[in-house]
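The values are calculated or read from the model by the stated rules, or taken from the named source; none is laboratory data. All of these numbers come straight from a predicted model, not from anything done at the bench. FYI the Cβ positions are ideal-geometry reconstructions off the backbone, even for glycines, and counts take in every protein chain you see.
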Amino acid sequence: MKKALLTAGLLTGFMPLSSNAAETSESGHVQQGIASVYHDKFHGRRTASGQPYNKNQLSAAHRTLPLGTQIRVTDTKTGRSVVVRVNDRGPFVRGRILDLSKQAARELGIVERGTARVAVKILATPDRDS
């Protein structure tokens with residue numbers, strides 16, 4: 001039964017296939033992958049942190065980083081970066097590591113593209129560095 005659940009989790013993209021440095025939750029670790037932009041339909045809905053999602057604030061969703069973690073997200077194509085706080089879980093689309101608020105995506109210049117390859121660097125975690 002456990003094997004079936006593990007296989008189902010891997011196939012649907014809800015569980016990472018391998019561990020990433022960023023999942024250690026330690027400052028300075030970097031994870032690379034695809035970030036996407038939160039859809040406007042989520043504006044005002046409650047996030048995993050309990051706060052309502054505000055598309056005009058600098059926030060992000062990550063599957064495993066502790067809520068409240070502060071991260072620097074850098075577009076690897078342009079070098080533009082933005083600092084955001086993780087306040088939600090996701091994304092739940094295979095191959096993506098981060099969902100960015102509309103404002104964060106705007107500052108990175110990726111709203112029109114919708115997705116971008118990014119590097120995510122942990123700056124501070126709520127339990128250790130803030």
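Data overview
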| read-out | value |
| --- | --- |
| Residue match in the range 73-80 (condition: free of Cβ contacts under 8 Å to residues at least 60 places away in the same chain, out of contact with any Leu (no Cβ under 6 Å at 6 or more places or on another chain), exposed (fewer than 15 other Cβ atoms within 10 Å of the Cβ) and in a strand (DSSP E or B)) | no |
| Single residue of the range 82-130 satisfying the filter (small (Gly, Ala, Ser) and either assigned to a strand (DSSP E or B) or surrounded by 17 or more Cβ atoms within 10 Å (Cβ to Cβ) (or both)) that is nearest to the chain's Cα centre (by Cα) | 90 |
| Residue list for the range 84-110, filter: at pLDDT below 95 and among the β-branched types (Val, Ile, Thr) | 93 |
